[in-house]
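Structure, as structure tokens:
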Amino acid sequence: LKKRLFLVAVAALAPAVTLLAYNEFAFRRTVAAEVNARALEANRQAVHEFQRILDGAKALLIATSAIPAIHSASSDPASCRRALETIVKSVDWIRTILVIDMSGKLACDTLGTQIGMNFSDRSYFAQALATDGFYIGEYTTSRLTNSGILPVALPIHDDAGRKVGVLASALRLDWLNDQLRERGVTARGALTVADRNGVIVARTPSPERFVGTRIPDAFQHLVNAQKEGIQEAVSQDGTVRILGYSPVKSPPTGLYISTGLSKEEAFAAINRQSYVGAISIGLGICLALIAAWLAGGLIRRPLDRIASVIDDWRSGSGQARTGLNAEKGDVEAVGAALDDLLNELEHRSAATARAERQRDLLMHELAHRMKNTLAVVQAIVSQTMKHSGNLESAAERISGRLAALSSAQNILTETSWSAADIVHVVDSALTPHIDGSERVKAVGPHAEITAQQALGLSLALHELATNAVKYGALSIPEGRVDIEWRVGSDRTLRFEWRESGGPTVVAGDRKGFGSRLTEKIVPSYFGGRAGVHFEPNGLRYLLEGVLEQTNNTVVGHATKLTNLS
Amino acid sequence: MTSTRPITVLVVEDEPIVRMDAVDIVEEAGLIAVEAANADEAIRILETNPDIRIVFTDIDMPGSMDGIKLAFAVRDRWPPVVIMIASGYRKPLTADLPAHTRFFAKPYRRADIKMALLEVY
């Protein structure tokens, strides 16, 4: 996941980075074009300035050539010399002016050089005559001063326009270089001037190092180019420069001029900008990747948690929960929802399990009660059989007793076997014997009695009623029965059956299971005692005991069942 | 097992009619019957009556113990006493009953109980 988030981050950043990179590239290209233009422009400026200097030299020579004393130099060297001296004294950028005749011999100068000295080997002499115009010569070391000079020459014409000689002078390179130094160049820039042979005549900075040296061969093609141009080059001083150059062929003809702008300086601003940009991009990428990593952690951790909870849950650990807080994020919300779902599932499965268990318990309980009831039936049947004289009376008694048992169970079924109202039990037990009779009156409070006690009381009433109908008060129309019971605050029960108005009965008439039931078995349901008394008015039955505390017997049995299994 | 003293059977059953019938079975077998309505009462009787050789008990009874716990208590405190259990519930696993315990499903046949009682001696 982290890897994927990384890729997503990279994919998201890629266009931005590409755009930035393209902007940078385009901007650099623009700047480069600007720098080139600036270099070319700066060089044109330099060319222009040089042109002025040379124009000055040319003008000076033209003006000088017009002086009559120059024309008559051969005949009157002294006048010529004076004239020249006047000029040279007032112009500091030349040291002398020479007048050379057509044969190349010196006619006059300001330095007192030997008249007649041959200058015909000088290129400026020949070229000035050949081009019949102002000619710029090549770097020369002065024979007189041993310092660098740049010769210039102009043919002299007589009044008829015929060439009669050459007027020559030379720019002092020390002066020229001073001019350049004063003019100055851009920071770490350079201005180089060379003659048509590529020998440097002026340079700034460091003229002392370069003047008189030849421009390296690698750059000679610039010197001899057809027209001005721009070139990036590593200069001899090691600086990378953008050169604007004007070749020898361009005016001023005979000079190569180049102006170099330091590339580093020119690109300093944009480089700084690029640097800042690159750092920004780098930082951005780092931050994005860190964010992706952190986000990966933030998302992955809860996802891992959710996955492990699902695994745990599937492998049976119903308690597994993510414990994530929905308010902390989307993924956490999913975790919280999963928790809710698991809680609900657990709740439902617990409810289902409870219901199933309850149903099982009820089934078991029902089977158990049925068997207990059958055990009771069995006991009643076997006891009745044992104490009956013949099968006929046994059958009758058994069916009567089972009817009593059944009526007690009816009541209990209606109340879910938990408890019954004693009023209801008494009424139900008497109904088969004295249905609607005014002669039987039952008085007593409502009270809950347990299933077992209800059964016991029903059996007792059945026996008493059966006997009363057969032999007692209910055997004649005048007899009656009063039933009365009281329940104490401590749930003690006093239950009395009192017959009156019937025939006289004696103890001897009562034998067998019936009396055993009423006098021995039934009281044991109530943890008490009971007795039958034969009084003058009739039979009296008194049962004394305690009503058991009723509770939910289903749950009670269920608990025991759980313990059993 | 010979004894001059009468063989006594303790019948433990909370349902009075069924208890009375069980007592009848014991007596019909020629043995002496003693009754208890629950396990607590049964323990008290065992503590005072050394003649009891057989305990014939129900399982589901009110009180602090049911018939199973009573059976374990008897096997623990009165090891020679023979234990017979009757219940309307399913027969517990043998492992859940004390050793040498006979189980009878309710309702039981009187003859089976009588036979079992007589087999003991």
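The values are calculated or read from the model by the stated rules, or taken from the named source; none is laboratory data. From a predicted model like this one, the values you see are computed outputs, not experimental measurements. Backbone-built Cβ (ideal geometry, glycine too); neighbour counts: all protein chains shown. All accessible areas refer to the heavy atoms of the entire protein, side chains included, with ligands and DNA or RNA removed. Shrake-Rupley method; radii C 1.70, N 1.55, O 1.52, S 1.80 Å.
Using a 1.4 Å probe on the heavy atoms of the protein chains only, list every residue of the stretch A:338-372 that has 40 Å² or more less accessible area in the complete assembly than in its chain alone.
Buried-area filter returns A:364, A:368, A:371.
Label points 7 Å out from Cα along the Cβ direction at residue A:537 and residue A:549: separation in nm?
3.7 nm
As a check on your grasp of the helix formula, calculate [θ] at 222 nm for chain A: sum -39500 (n - 2.57) over DSSP H runs of n ≥ 4, divide by the residue count, round to the nearest 500.
Rounded to the nearest 500, the figure is -17500 deg cm²/dmol.
By the scheme Lys and Arg +1, Asp and Glu -1, what is the net charge of all other residues having a beta-carbon under 15 Å from that of residue A:322?
-4
About the Cα centre of the stretch A:393-503, what is the dipole size in debye to 20, counting +1 per Lys and Arg Cβ and -1 per Asp and Glu Cβ, all else neutral?
220 debye
Using a 1.4 angstrom probe on the protein heavy atoms only, could you order A:363, A:385, A:117, B:61 from most to least accessible area?
A:363, A:385, A:117, B:61
Can you send over the solvent-accessible area of residue B:19, 1.4 Å probe, protein chains only, in Å² to the nearest 10?
In the full protein context, residue B:19 sits at about 20 Å².
Just going by the charge dipole of the protein assembly as shown, with Lys and Arg at +1 and Asp and Glu at -1 on Cβ, which of A:316, A:48, A:280 is farthest out on the positive end?
A:48
List the relative contact order of chain B as a percent without decimals, with contacts defined as Cα pairs under 8 Å and 6+ residues apart.
It rounds to 24 percent for chain B.
Could you name the lysines in cross-link range of residue A:227, using Cα to Cα under 25 Å and dropping any fewer than eight places away on the same chain?
A:58, A:249, A:263
Set the Förster distance to 41 Å, then compute FRET efficiency between residue A:424 and residue B:28 from the Cβ-Cβ distance, nearest 0.05.
Calculated transfer efficiency: 0.60.
Could you state how much accessible area is buried at the B-A interface, both sides summed, with a 1.4 Å probe, in Å² to the nearest 100?
Buried area between the two chains comes out at roughly 2400 Å².
Kyte-Doolittle mean at least -1.0 and Cα extent at least 18 Å along the axis: which DSSP H helices of chain A qualify?
Qualifying helices, which must be both long enough and hydrophobic enough, are A:2-65, A:77-90, A:268-314, A:330-387, A:391-414, A:451-470.
State, as an integer percentage, the relative contact order of chain A based on alpha-carbon contacts under 8 Å between residues 6 or more apart.
9 percent
Given the DSSP H assignment, sum -39500 (n - 2.57) over each helix run of at least 4 residues in chain B and divide by its residue total; what's the result at 222 nm in deg cm²/dmol, nearest 500?
Calculated from helices alone, the mean residue ellipticity at 222 nm is -11500 deg cm²/dmol.
Just to confirm a number: summing +1 for Lys and Arg and -1 for Asp and Glu over residues other than residue A:32 whose beta-carbon lies under 10 angstrom from that of residue A:32, what do you get?
Charge balance near residue A:32 sits at +1.
Can you give the net charge of the other residues whose Cβ lies under 14 Å from the Cβ of residue A:45, counting K and R as +1 and D and E as -1?
+1
If you take each beta carbon of peptide B:20-29 and count the beta carbons of other chains within 10 angstrom, what is the mean?
Counting other chains' Cβ atoms within 10 Å and averaging over B:20-29 gives 3.
How much solvent-accessible surface does residue A:533 expose, in Å² to the nearest 10, with a 1.4 Å probe and all protein chains in place?
It works out to around 80 Å².
So if I place +1 on the C-beta of Lys and Arg and -1 on the C-beta of Asp and Glu, and nothing else carries charge, what would the dipole magnitude of chain A be about its Cα centre? I want it in debye, nearest 20.
1260 debye
Simple spin-label model, 7 Å along Cα-to-Cβ: residue B:77 to residue A:439 in nm?
Simple spin-label model gives 5.4 nm for this pair.
Positive end of the charge dipole of the protein assembly as shown (Lys, Arg +1 and Asp, Glu -1 on Cβ, about the Cα centre): tell me which of A:375, A:239, A:534 has its Cα farthest that way.
Comparing the listed Cα positions along the dipole, A:239 ranks first.
Rounded to the nearest percent, how much of the accessible area of the protein assembly as shown (1.4 Å probe, protein heavy atoms only) is carbon and sulfur?
56 percent
How much length would be gained if the chain were fully extended between residue A:469 and residue A:82, taking 0.36 nm per residue of separation minus their Cα-Cα distance, in nm to one decimal?
120.4 nm is the gain from fully extending residue A:469 to residue A:82.
Work out how much length residue A:221 to residue A:8 would gain on full extension: take 0.36 nm times their residue separation and subtract the Cα-Cα distance, in nm to one decimal.
71.3 nm
If you wrap a convex hull around the C-alpha atoms of the stretch A:315-375 and split its volume per residue, what is the figure in Å³?
Considering the Cα atoms of the stretch A:315-375, their hull volume per residue is 77 Å³.
Evaluate E = 1/(1 + (r/R0)^6) for residue A:271 and residue A:209, where r is the Cβ-Cβ distance and R0 equals 22 Å; express this FRET efficiency to the nearest 0.05.
0.20
Quick one: Debye curve from the alpha-carbon atoms of chain A only, equal weights, vacuum; give me log10 I(q)/I(0) at q = 0.05, 0.12 Å⁻¹ to two decimals.
Values, matching the q order: -0.54, -1.09.
7 Å from Cα along Cα→Cβ at both residue A:382 and residue A:367: what's the point-to-point distance in nm?
2.3 nm
How high is the FRET efficiency from residue A:53 to residue A:27, r the C-beta distance, R0 41 Å, rounded to 0.05?
0.60
If you take every DSSP beta bridge whose two residues both sit in the stretch A:186-306, what share of them, in percent to the nearest 5, is antiparallel?
The antiparallel fraction comes to roughly 100 percent.
Where does the Debye-calculated log10 I(q)/I(0) of the stretch A:338-429 sit at q = 0.19, 0.20 Å⁻¹, using only Cα point scatterers of equal weight, no solvent?
-0.96, -1.00
Can you tell me the order of B:92-99, A:44-51, B:36-43, A:221-228 when each peptide is scored by its average per-residue count of other Cβ atoms within 10 angstrom, highest first?
Output ranking for B:92-99, A:44-51, B:36-43, A:221-228: B:36-43, A:44-51, A:221-228, B:92-99.
Please report, in debye to the nearest 20, how large the charge dipole of the stretch A:150-246 is about its Cα centre when each Lys and Arg carries +1 at its beta carbon and each Asp and Glu carries -1 there.
It works out to roughly 80 debye.
Mind listing the lone cysteines of chain A, meaning no other Cys beta-carbon sits under 4.7 Å from theirs?
A:286
Hey, how many Å between the Cα centroid of the stretch A:184-215 and the Cα centroid of the stretch A:222-246?
Each part's Cα centre sits 12 Å from the other's.
For the stretch A:131-251, with every protein chain kept in place, what is the accessible area per residue (1.4 Å probe, Å²)?
45 Å²
Over the Cα atoms of the stretch B:37-103, each weighted equally, I'd like the Debye log10 I(q)/I(0) at q = 0.27 Å⁻¹, rounded to two decimals.
-1.34
Set the bar at 22 Å for Cα to Cα. Now go through B:91/B:114; A:371/B:91; A:386/B:91; A:520/B:69; A:441/A:470; A:105/A:163 and name every pair that lies beyond it.
Exceeds cut-off: A:386/B:91; A:520/B:69.
How much of the DSSP beta bridge set in the protein assembly as shown is antiparallel, as a percent to the nearest 5?
Antiparallel: roughly 75 percent of the beta bridges in the protein assembly as shown.
Quick check: Cα centre of the stretch B:71-113 to Cα centre of the stretch A:114-152, how many Å?
150 Å
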